[in-house]
Amino acid sequence: MLNNQILETLKGYTAEMQKTVTFVLQTGEHSKRNELKEFLEGFASVSDKLQFEERDLNKESLNGKVRSPISFLLEVDGTDTGIQFSGIPSGHEFNSLVLAVLQSAGTPIKLDSSLQNMVKKVGQEMKFEVFVSLSCHNCPDVVQALNQFAVLNPNISAEMIDGGLFQDVIEERDIQGVPSVYLNGKLFANGKVTAAELIDKLLEQEPSIATTDSRDKLPLQDVVVIGGGPAGVSSAIYSARKGLKVTLIADRIGGQVKDTMGIENLISVPNTTGPELSGALQAHLNEYDITIKEHLRVTEINQGDIKNIALSSGEVIDTKTVIVATGAKWRELGIPGEKENIGNGVAYCPHCDGPFFKGKDVAVIGGGNSGIEAALDLAGIVKSVTVFEFMPELKADKVLVDQAEAKNNITILKNVATQEIHADSGKVSSISYQERATETAHSIALDGVFVQIGLVPNTSFLGDVVETTKFGEIIINEKCETSQPGIYAAGDVTTVPYKQIVVSMGEGSKASLASFEYLLANSRKLEKMYEDHQASQDERDAA
C-alpha cells in the first residue's frame, strides 16, 4: 500500500522527530487485519523513532471499551496519546495519520494560540468517535481537529472509524452521512461540519473555556479580512503586499471552494479540485506576514472610526478597516422532511455522502452546474439518479447537460416543484413533487436526496452594520465600498453578479486596493484616535 515514493516522503517528514511514536495494533482476527499490519509496519520502517507492536489492548482497558482487531492507537514514549484509528487510514485520511504522528511527537500544532488555550482548559472527560468515509474530503478536517484536541489535553481522546468496515455500527446508529461525530456515546455533530463548528460545540459543553486573557491582544490592525475563500485570501494577500498589518479570520481556509471537487474554469489552471485549490490558497497566505485565525467566527462588529471585531473565542480585535468576504452556504429547500432528515438521507455534499447510497436510488434537487455535476458524480455509485429542476429548462452548462443525458441511469425532470421528503423508520423513503404545468402530483420511492439549489450569503453575523438586499447580500459599489466608511465587502457575499471563483479573486483584490486608498487618507487620524482612546482606558483602569 505504501510505495517507495510515499515511504521516501515519509522519511523526510519524520526525520526531525524527537519522541518515539508506537503504533499499537489490537490483537485478533479480521479479514483486513493483515493489510493494516503491513501498512503500519511499512510506515514504522521509515524512522527509528517509529515502532510497531501488537497487544491485547482490551485487557489493558480501564473503561471497558472493546477494540476491534483493525483498531490501533498511538503511544508516545509509552504513553497513550488518546488518538486511535479503527480501519486503514488511507485515501483522504492518510494525512490525518501522518499529522497525528508528527504532532504527537512534538511538531507544533497550527491551531491558533487562543484555541489551544481553550482546548487545554477542558476539564471533563471527552471521548470522541468520528465515523468517516475514506472518499470524504471534509472528514479529515474533523479528524485532524479532534486529534489535535487529544494531543493538547489528556482529558480528550479521538477515534477515527471507517464506516465502510463497521457496517454493523453504522446500521445500529442509523448513520447515513459523514462525518458523524459522537461524544461519550451520544451524537455530537452530524453531516457536513467544520472544525469551527466543533469549537462552537466545545464552548457549549464548557462555556468557561472561552478566553478572557488580553495579554496576547493584537495591536491595532490596518485590515481585518473576514472569510478564507478566494475573495478573502485575495484581499489579505493584496493588503499584506502593501505592508499593512493584516489579520484573516475564517472558519476554514478555502471556504465553500473546499467542497467543490471539479474546477475547470479557473483561468490558466485547466483542471484542479477544491481541496487542491484550498491548499494553494493556504500556501500563498503563508508567504506573507498575515495573522491567520482559522476555525473561528466573528460574532459581532462594533462600527465606528475604529472597528471592534469580537470572535467566538472571546477575543476582540481592533482595526481601522474591515473586508467582509464570508461567501455563502448551501441553500435549503425549505420543504417538510428536509431538516428532519439531514444525515438520514438528506445531504448537501455528494462527494462526502454519495458512497453511503451505493446501489440505491437517489434524487438531486437543482439543475444548475452544481446539480448536474452532483448527478454525474453519483451516477457512478448509485443505482439511479433523478434530477428535479424547478424551471422549464436546465441552467447548467451544455457540456454538463450533454454528459448527463448520455447516462442511462440519470433521469431529468424539468418544470417540477418538490413538495415533501418522506421518511420511514428514520430514513428517507420517497419524495413528493408536482408538475408545475398541470399541477399533477407524483411520488417517487428513493433512499437519498441531495440538495443543490444554490447558495445563501453568510451575513447573519453582521446584523444591521451594513446595508444588505432582501436576500442578505451586502450592497457594494464599484470599489467594494459598503454603506459604512472603512467597511468593504467582496465575493459571493455581495451583490456582485456571477458567483465565480475568478470573479471573487478579482473582487477581493479590488476591495483591498480600495481599503488601502481609505487608509492613505485616514490612517494617521485613526492612529491618533486609537492612542487617545487607549490612554483614556488606561486612566480609567488605574482609577
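Overview of values
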{"quantity": "Cα-based shape type of the range 49-146, given that a ≥ b ≥ c are square roots of the gyration tensor eigenvalues and the cut on a/c is 1.5", "calculated": "rounded"}
{"quantity": "Protein accessible area in the chain, 1.4 Å probe - carbon and sulfur %", "calculated": "48 percent"}
{"quantity": "Per residue value of the accessible surface for the chain (all protein chains in place, 1.4 Å probe), Å²", "calculated": "45 Å²"}
{"quantity": "DSSP bridge orientation in the range 385-453 - percent antiparallel, rounded to nearest 5", "calculated": "70 percent"}
{"quantity": "Partner lysines for LYS395 [C-alpha distance under 22 Å; skip if fewer than 8 residues away on the same chain]", "calculated": "LYS329, LYS407, LYS414, LYS499"}
{"quantity": "Per-bin percent of Cα-Cα distances, the range 104-152 [10 Å]", "calculated": "22, 49, 27, 2"}
{"quantity": "Lysines with Cα under 27 Å of LYS121, excluding same-chain neighbours fewer than 8 positions away", "calculated": "LYS19, LYS65, LYS110, LYS186, LYS192, LYS201, LYS217, LYS293"}
{"quantity": "Residue-count net charge about PRO140 - beta-carbon cut-off 12 Å; Lys, Arg +1, Asp, Glu -1", "calculated": "0"}
{"quantity": "Charge-dipole axis of the range 147-253 as Lys and Arg at +1 and Asp and Glu at -1 on Cβ define it, positive-most pick from ASN190, ILE156, VAL224", "calculated": "VAL224"}
{"quantity": "Value of relative contact order over the chain, rounded to a whole percent, pairs C-alpha under 8 Å and six or more apart", "calculated": "11 percent"}
{"quantity": "Tail fraction, Cα-Cα pairs, the range 111-195, threshold 17 Å, whole percent", "calculated": "46 percent"}
{"quantity": "Among 150-162, 226-238, 2-14, the order from most to least packed when residues are scored by Cβ within 10 Å on average", "calculated": "226-238, 150-162, 2-14"}
{"quantity": "Highest to lowest packing among 48-56, 248-256, 376-384, scored as the average C-beta count within 10 Å", "calculated": "248-256, 376-384, 48-56"}
{"quantity": "The range 270-410: C-alpha gyration tensor shape, a/c 1.5 cut-off, then a/b vs b/c", "calculated": "prolate"}
{"quantity": "Whichever aspartates and glutamates have a C-alpha closer than 13 Å to that of LYS510, once near sequence neighbours (fewer than 8 apart) are set aside", "calculated": "GLU478, GLU481"}
{"quantity": "All-pairs Cα distance distribution in the range 409-543, expressed in whole percent, bin size 10 Å", "calculated": "10, 23, 19, 21, 14, 7, 7, 1"}
{"quantity": "Kyte-Doolittle mean at least -1.0 and Cα axial length at least 30 Å: DSSP H helices in the chain", "calculated": "501-542"}
{"quantity": "The range 173-212-the range 413-438 distance, computed between alpha-carbon centres (Å)", "calculated": "31 Å"}
{"quantity": "Centre separation in Å (Cα based) which lies between the range 292-332 and the range 126-147", "calculated": "26 Å"}
{"quantity": "Principal axis dimensions, largest first and in whole angstrom, of the range 152-200 by Cα", "calculated": "31, 23, 17"}
{"quantity": "Net charge contributed by nearby residues that have their C-beta within less than 14 Å of VAL362 (K/R +1, D/E -1)", "calculated": "+1"}
{"quantity": "Student exercise, the chain dipole from Lys, Arg, Asp, Glu Cβ charges, in Debye to nearest 20", "calculated": "420 debye"}
{"quantity": "The range 177-331: C-alpha gyration tensor shape, a/c 1.5 cut-off, then a/b vs b/c", "calculated": "oblate"}
{"quantity": "Kirkwood Rh in Å, taken over the chain so that all alpha-carbon pairs contribute", "calculated": "25.2 Å"}
{"quantity": "Relative contact order (%) - the range 380-528, alpha-carbon pairs under 8 angstrom, separation at least six", "calculated": "12 percent"}
{"quantity": "Distant-in-sequence amide H partners of VAL449 (H built 1.01 Å from N, under 5 Å)", "calculated": "VAL346, ALA347, ALA363"}
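The values are calculated or read from the model by the stated rules, or taken from the named source; none is laboratory data. The structure presented is a predicted model; accordingly, all values stated were derived computationally and were not measured. For neighbour counting, all protein chains shown are included, and Cβ atoms are generated from backbone atoms with ideal geometry for every residue, glycine included. Ligands, DNA and RNA are excluded from the accessible area calculation, which covers all protein heavy atoms including side chains. Shrake-Rupley method; radii C 1.70, N 1.55, O 1.52, S 1.80 Å.
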